[in-house]
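Heads up, the thing below is written out as structure tokens.
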Amino acid sequence: MTEHRPRGLHGQTVEALASRILSGEWGEGTVLDLPALREELDISLTALREALKVLAAKGMIDARQKHGTFVQPRERWNLLDADVMRWQTAAADNPRLLDELTEVRAVVEPAAARIAAGRATDEDVEGLRAALADMAAAGDDAEASVQADLAFHRRLMAATHNNFLMRVERVIAIGLAERDKLVHGAAPAADPVPSHRKVVDAIVAGDPVAAEEAMLTLVTKAGEDLAKARRTRS
């Protein structure tokens, strides 16, 4: 996945503030000294407040009269926000994050495959097969493998023709990319094409039960690969 680079002073300010929260520099309940921050970052108070509004909308901070602007507990954060997911994976301070992602995938993606088996168009199938071809061509190229895997899962969600599932995919993709990097970087990974092909074959056959089972098997194996990669690195 291409590294995200925030654009402009506003984006850079949001990223800088978020990184301090994710790193633990500003823990839960920390009250922010806005004048000191404005001076440190060399920005106007208006620009600082605009950046803080972004984090407030994501549930990461709040502001109250007589209390000031303070960091919210993690359970208040909008964890399904794409930026929040990206910041968490980049911070790498939560070992449970990718495990929780695997649990979410086990719930969402098998159901998505079942739906896709009844709704996928010829264009959807062509996209899934193109992703399979890219997986096969990637070989030992870890970055190409990651991109092909992301494309497959994105096209699977698109094949459901369900707008909510397509939005969920944006969040899953961020964590999935980090999981893929960890797995492919730890040791040579098993050939991913056969397991993904079983999902496509079931979708093409219009068999929702087989599609769901194949996708659940794939996600379960992904969790096992993640655990193995961690053991290899430790």
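The values are calculated or read from the model by the stated rules, or taken from the named source; none is laboratory data. Predicted model, so just to flag it, every value in this text is computed and none were measured. A quick note on method: Cβ atoms are made from the backbone with ideal geometry, for glycine too, and the neighbour counts reach across all protein chains shown. Surface areas here come from the heavy atoms of the whole protein model, side chains and all, with no ligands, DNA or RNA. Shrake-Rupley method; radii C 1.70, N 1.55, O 1.52, S 1.80 Å.
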Those residues that are closer than 15 Å to residue 107 by Cα and open to solvent by 40 Å² or more (accessible area, probe 1.4 Å), I need them from segment 209-234; list them, please. 209, 212, 213, 216, 217, 220, 221
Have a look at 22, 55, 80 and point out the one that is in contact (Cβ under 8 Å) with a residue 24 or more places away in the chain, within 23 Å of the chain's Cα centre (by Cα) and open to solvent by 60 Å² or more (accessible area, probe 1.4 Å). 80
Here are the criteria: (1) among the aromatic types (Phe, Trp, Tyr); (2) touching a Gly at 6+ places or on another chain (Cβ under 8 Å); (3) more than 24 Å from residue 101 (Cβ to Cβ). Tell me which single one residue 26 does not satisfy. (2)
Look at residue 117 and say whether it is free of Cβ contacts under 8 Å to residues at least 60 places away in the same chain and either open to solvent by 70 Å² or more (accessible area, probe 1.4 Å) or not assigned by the TED database to the domain that holds residue 16 (or both). no
Members of segment 39-52 that are open to solvent by less than 50 Å² (accessible area, probe 1.4 Å) and in contact (Cβ under 8 Å) with a residue 40 or more places away in the chain: 51
Residue 199, sole failed condition from (1) at pLDDT 85 or above; (2) open to solvent by 10 Å² or more (accessible area, probe 1.4 Å): (2)
Residue under question is residue 63, and the condition is that it be among the small types (Gly, Ala, Ser), open to solvent by 60 Å² or more (accessible area, probe 1.4 Å), under 23 Å from the mean Cα position of the chain (by Cα) and over 30 Å from residue 198 (Cα atoms); does it hold? no
Evaluate segment 120-130: report whether one residue or more is closer than 28 Å to residue 88 by Cβ, out of contact with any Leu (no Cβ under 6 Å at 6 or more places or on another chain) and open to solvent by 20 Å² or more (accessible area, probe 1.4 Å). no
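For (1) touching a residue at least 24 places away in the same chain (Cβ under 8 Å); (2) hydroxyl-bearing (Ser, Thr, Tyr), each residue gets a yes or a no:
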| position | (1), (2) |
| --- | --- |
| 191 | no, no |
| 195 | yes, yes |
| 199 | yes, no |
| 204 | yes, no |
| 214 | yes, no |
| 220 | yes, yes |
| 224 | no, no |
| 228 | yes, no |
| 231 | no, no |
Residue 86: passes all of (1) of a type in the set (Lys, Arg); (2) over 23 Å from residue 157 (Cα atoms); (3) at pLDDT below 95 but (2)
